[in-house]
Every structure is written in C-alpha cells, then in structure tokens.
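Below you'll find the structure, written out as structure tokens, and then a few comments.
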Amino acid sequence: MQLNNPNQFTEKTWEAIARTPDIAKTSQQQQIETEHLMKALLEQNGLATSLFNKAGVSTSKVQEYTDAFISRQPKVKNTPNNIYLGRSLD
C-alpha cells in the first residue's frame, strides 16, 4: 500500500493521513507513527470514534494514551522541514 496515493483511501481517511505531518510538526517531531494517524482519526470524530464507542472503549482514554505516546517521542529543536514515515507506517 502506498500512502501517497489518495485514490486508495476514502476522503476522510485521506484527510487524516494528510493531517499527520501537521501533528508531527506541532509536536516538533520528524517521524510520523501510527499514533499520529490515530490522533488525526480521533480528531475527526468519525468512524474511528464510533468504532471505539461501540466496542466500549473510552475515546478520551485512547486520546490520552495517544497524546502521551506522541509527547515521549524524540523532538527536534526547530520546526522540521522534512517529515518521514516511522517504522510503524513503513
């Protein structure tokens, strides 16, 4: 699967994928991991949120754990110019 081909994804999924570099940059990180994508999906309040709710999983807890993971990842001093896919998305 190629993450640079929007035709492989629904519009909402592509919007979430496209949002991940902004999340990484805001967190001063150069790598995008699955947690950045999870954060983008949860921000949409769409299918991902609905699936967690139907499974009885607290989306606020998932968001909390996701944010905690992102905050523990390596940071760069300045806003990164280049963003790379991490191992979890490679």
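The values are calculated or read from the model by the stated rules, or taken from the named source; none is laboratory data. Note that the structure is a prediction, hence the values are computed from the model and not measured. Using ideal geometry, Cβ is built from the backbone for each residue, glycine included, and neighbour counts are taken over all protein chains shown.
Listing for the model above:
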| item | result |
| --- | --- |
| Members of the stretch 1-56 found to be under 21 Å from residue 73 (Cβ atoms) and of a type in the set (Val, Ile, Thr), listed by number | 17, 20, 23, 26, 32, 34 |
| Count of residues meeting criterion [among the small types (Gly, Ala, Ser), farther than 22 Å from residue 15 by Cα, in contact (Cβ under 8 Å) with a residue 40 or more places away in the chain and in a loop (DSSP other than H, G, I, E, B)] in the stretch 47-90 | 0 |
| Qualifying residue in the stretch 26-43 (condition: small (Gly, Ala, Ser), touching a strand residue (DSSP E or B) at 6+ places or on another chain (Cβ under 6 Å) and in a loop (DSSP other than H, G, I, E, B)) | no |
| Positions within the stretch 2-43 being closer than 22 Å to residue 82 by Cβ and at pLDDT below 90, in sequence order | 2, 3, 4, 5, 6 |
| Output for the stretch 37-64, where each listed residue is under 14 Å from the mean Cα position of the chain (by Cα) and surrounded by fewer than 12 Cβ atoms within 10 Å (Cβ to Cβ) | 45, 64 |
